[in-house]
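Data first, discussion second: the structure below is written as structure tokens.
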Amino acid sequence: MERNTDTPGTGTDGPTASPATGGAAELAGTASLETGGRLRDSFLSGWRFTRHLLEMIVAMMLGMGLLGLALAVMGEPPGYASLFVRYGLMGAFMAAPMVGWMRFRNHSWRDCGEMTAAMVVPMLAPVALVQLGVAVPGLSEGSLMMLSHAAMIAGMVALMLYRFDRYAHADHERRAHEGRRTS
């Protein structure tokens, strides 16, 4: 025999949501679970993004240390007085360990090239202005080191924001882990 389900709040399996609430109680429970999941995912994405940036900065600092050591041991190379040579060499020494770490983290060569360009091009822009003698308030050879590094980090952050999915999600880490497991 079939059970009558005309009574609000009951059904064949017992109490259900009242038609007056439209199932809001059930939806509220689901929404809070979804919101918690989104918050966790947002936090993890933000952490991965920040961690990637910090890892790149540490790698770049190691490169700067190696450049300082090389200059101390071998002396300045020919043409080092030129700002383009000095900052170009610094950019190369900073980019090499950064690219190495990105490859270790299983980023593509394209990602590495984009990150290097995003780092070096903004760094060389103020260098070019000073080298060419363009008068810009606050920009001098003395302020160039700080401004070029700020431009470098800003360029990297801009690229990372543009390619947020690549730098905030763990897809490349998962691929790296799977690659190590199968090899």
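None of the figures in this text is laboratory data; all of them are computed from the coordinates on show. What you see is a predicted model, and the numbers here were worked out from it, not measured in a lab. In this analysis, Cβ positions are derived from the backbone assuming ideal geometry, glycine residues included, and neighbour counts consider all displayed protein chains.
Report whether or not Val130 is over 22 Å from Leu159 (Cβ atoms), buried (at least 19 other Cβ atoms within 10 Å of the Cβ) and more than 23 Å from the chain's Cα centre (by Cα). It would help to see each step written out before you state the result.
Values: over 22 Å from Leu159 (Cβ atoms): yes; buried (at least 19 other Cβ atoms within 10 Å of the Cβ): yes; more than 23 Å from the chain's Cα centre (by Cα): yes.
It is true that Val130 is over 22 Å from Leu159 (Cβ atoms), buried (at least 19 other Cβ atoms within 10 Å of the Cβ) and more than 23 Å from the chain's Cα centre (by Cα).
Scan the stretch 72-90 and give yes if some residue there is part of a helix (DSSP H, G or I), touching a residue at least 40 places away in the same chain (Cβ under 8 Å) and either among the small types (Gly, Ala, Ser) or loosely packed, with under 12 Cβ neighbours inside 10 Å (or both), otherwise no. Give the derivation first.
Narrowing the stretch 72-90 to residues part of a helix (DSSP H, G or I): 72-74, 83-90.
If we keep only those that are touching a residue at least 40 places away in the same chain (Cβ under 8 Å) as well, we get 83-84, 87.
Keeping just the survivors that are either among the small types (Gly, Ala, Ser) or loosely packed, with under 12 Cβ neighbours inside 10 Å (or both) gives none.
Looking for residues that are part of a helix (DSSP H, G or I), touching a residue at least 40 places away in the same chain (Cβ under 8 Å) and either among the small types (Gly, Ala, Ser) or loosely packed, with under 12 Cβ neighbours inside 10 Å (or both), one finds none in the stretch 72-90, hence no.
Taking the options Met94, Met56, name whichever one is part of a helix (DSSP H, G or I) and within 13 Å of the chain's Cα centre (by Cα). Steps first, please.
Details: Met94 fails: within 13 Å of the chain's Cα centre (by Cα).
None of the other options fit; the residue is Met56.
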